[in-house]
Amino acid sequence: MRVIVSGGGTGGHIYPALALIKRLQARHLLESILYVGTKTGLEQKIITQAQIPFEVIDIQGFKRKLTWENVTTVKLFLQSISRARKIIQKFQPDIVVGTGGYVSSAVVYAAHRQKIPTIIHEQNSIAGLTNKFLGHFVDKIAYAFPEAATQFSEKKKLVFTGNPRAQEVAHLKPNKRLQEIGLRSDLATVLIFGGSRGAAPINRAVIQLIPQVARLSYQILFVTGKVHYEKVQKQLSSTLPANVRILPYIDDMPAILPDVALVVGRSGATSIAELTALGIPAIFIPSPYVTHDHQTKNAQALVEQHAAVMIPESELTATRLLQQINQLMTQPQLLAKMQQRSQKIGVVDASDRMIKVMLELIAKAK
């Protein structure tokens with residue numbers, strides 16, 4: 001098939017799109033692929049590095065407050081629809097897929113106007129503004145959290161697929177990555193990280209608890225984020241406990257997950273897809289700075305299923321975090337139950353579920 005994919009702004013929109021494309025390639029289902037994004041978002045770098053053809057559209061998001069800048073946004077949106085129409089006419093896709101971010105609004109809407117089959121994917125428990133707008137026009141709405149389904153009025157369009165990122169990591173097996181960074185492969189490991197850029201509040205709490213972990217029966221891998229690494233290093237003793245390693249960043253983070261017993265970090269959609277695909281329990285500290293506080297809602301979905309626990313950032317202290325880690329790491333039976341519940345939530349064939357819907361829409365259109 002010929003497929004246009006559009007999604008941008010954050011990794012949460014881009015990585016599921018990339019996972020879907022990789023699965024289409026692996027199944028030899030693509031005649032041709034084109035990704036449409038913006039110049040300013042993360043998508044151009046990520047997608048071109050993956051050697052996927054990329055086209056640019058100039059567009060910006062609406063401000064939530066009334067402002068004259070929204071007049072410019074409307075003008076850009078109308079221009080971007082025209083640009084998207086030309087891209088679509090030239091590429092002649094069989095289907096157009098939107099994974100969120102304002103760039104996908106123009107591309108998917110233009111495809112709808114040209115009567116090309118369309119599907120969008122909602123990764124979070126709180127539906128994004130773009131997807132709620134597009135829900136009125138597309139043929140199918142794929143979603144990853146049951147909670148998201150309640151936010152679309154077009155019930156007949158809804159299809160639960162999970163997040164394609166889950167299928168991309170589900171095959172990963174334990175390996176020797178921990179030994180490569182100076183940790184033991186025979187000791188239970190807690191991975192603490194605040195996302196690709198790191199999170200200062202999480203880092204502060206971990207810095208304070210590190211002196212207390214020397215005699216614990218498990219080891220800690222603390223990933224600070226590149227921008228925070230030097231500051232963290234300055235605040236710590238030059239001699240770390242033998243069971244602690246600190247890194248600024250880990251390339252291909254999912255590869256290390258099969259050797260991890262517990263993850264402490266944010267609750268973005270991509271992280272949750274990866275953790276549940278592999279059945280890894282988590283202590284979530286949601287970012288309170290994201291739109292509609294959707295990370296808290298994401299985390300709550302797993303807490304309610306007893307697959308994770310949550311500490312609001314406003315309540316985060318070194319003492320509470322260490323107590324929570326100890327509570328889980330010193331009770332193997334509790335941790336094992338959380339692993340089972342996490343894995344039960346994971347959708348390890350998420351990309352294939354989306355592809356099935358795509359093939360059905362294409363067949364119906366012919």
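The values are calculated or read from the model by the stated rules, or taken from the named source; none is laboratory data. Not measured: the values here are computed from a predicted model. Positions of Cβ are backbone-derived with ideal geometry, glycine not excepted, and every protein chain shown enters the neighbour counts. To get the accessible areas, we keep the full protein, side chains included, count just its heavy atoms, and leave off ligands, DNA and RNA. Shrake-Rupley method; radii C 1.70, N 1.55, O 1.52, S 1.80 Å.
Using helices alone, what [θ] at 222 nm do you get for the chain, with -39,500 (n - 2.57) per DSSP H run of 4 or more residues, divided over all residues and rounded to the nearest 500?
Only helices count here, giving -13000 deg cm²/dmol.
Rounded to the nearest 10 Å², what accessible area does Glu55 show when all protein chains are kept and the probe is 1.4 Å?
60
So who's got an amide H within less than 5 Å of the one on Val244, skipping anything under 5 residues away but keeping other chains? H placed 1.01 Å off N, in plane.
Result for Val244 returns Ile220.
So how far, in whole Å, is the C-alpha centre of region 82-151 from the one of region 173-193?
Between the Cα centres of region 82-151 and region 173-193 lies a distance of 40 Å.
With a 1.4 Å probe and all protein chains left in place, how much of the accessible area of the chain comes from carbon and sulfur atoms, in whole percent?
Its accessible area is 51 percent carbon and sulfur atoms.
Return the subset of Lys22/Lys140; Lys22/Lys297; Lys39/Lys226; Lys22/Lys226 for which the Cα-Cα distance in this structure is over 25 Å, preserving the input order.
Table pairs above 25 Å Cα-Cα are Lys22/Lys297; Lys22/Lys226.
Sort 205-218, 100-113, 14-27, 187-200 by packing, meaning the average of other beta carbons within 10 Å per residue, with the highest value first.
100-113, 14-27, 187-200, 205-218
Sequence-distant or interchain residues sharing an amide H contact under 5 Å with Val36, placed H: which?
Correct list: Val5, Ser6, Gly7, Glu55.
Would you work out the relative contact order for region 89-134, in percent, from Cα pairs under 8 angstrom that are 6 or more residues apart?
With pairs under 8 Å counted, the relative contact order is 42 percent.
Which shape class applies to region 213-302: rounded if a/c is under 1.5, otherwise prolate when a/b exceeds b/c and oblate if not, where a ≥ b ≥ c are the square roots of the Cα gyration tensor eigenvalues?
prolate
Just to confirm, what accessible area per residue do you get for region 231-296 at 1.4 Å probe, in whole Å²?
Per-residue accessible area for region 231-296 comes out at 38 Å².
How big is the chain along each principal axis, measuring the range of its Cα positions in Å and listing the largest first?
Reported extents, whole Å, longest axis first: 65, 44, 37.
Any idea what the relative contact order of region 205-348 is, in percent, if you count C-alpha pairs under 8 Å spaced at least 6 apart?
With pairs under 8 Å counted, the relative contact order is 24 percent.
I need the phi-derived Karplus couplings for region 145-158: 6.51 cos²θ - 1.76 cosθ + 1.60, θ = phi - 60°, integer Hz, Gly and Pro marked x.
Per residue, the Karplus-derived 3J(HN,Hα) values read 10, x, 4, 5, 4, 6, 9, 10, 7, 8, 4, 6, 8, 6 Hz.
Does region 1-44 classify as rounded, prolate or oblate by the C-alpha gyration tensor (a ≥ b ≥ c root eigenvalues; a/c under 1.5 gives rounded; else a/b over b/c gives prolate, otherwise oblate)?
It comes out oblate by the Cα gyration axes.
Regarding region 125-249, what is the average projected area of its C-alpha convex hull, in nm²?
The number I arrive at for region 125-249 is 10.6 nm².
Taking a 30 Å limit on the Cα-Cα distance, which of the listed pairs Lys157/Lys344; Lys231/Lys337; Lys45/Lys337 fall beyond it?
Lys231/Lys337; Lys45/Lys337
What is the Cα centroid distance between region 222-249 and region 1-43, reported in whole angstrom?
34
Can you tell me the relative contact order of the chain? Whole percent, Cα pairs under 8 Å, sequence separation 6 or more.
This gives 16 percent for the chain.
From the phi angles alone, apply the Karplus equation (6.51, -1.76, 1.60; θ = phi - 60°) to region 201-215 and give each ³J(HN,Hα) in whole Hz, x where the residue is Gly or Pro.
x, 5, 4, 4, 5, 5, 4, 6, 8, 3, x, 9, 9, 4, 9
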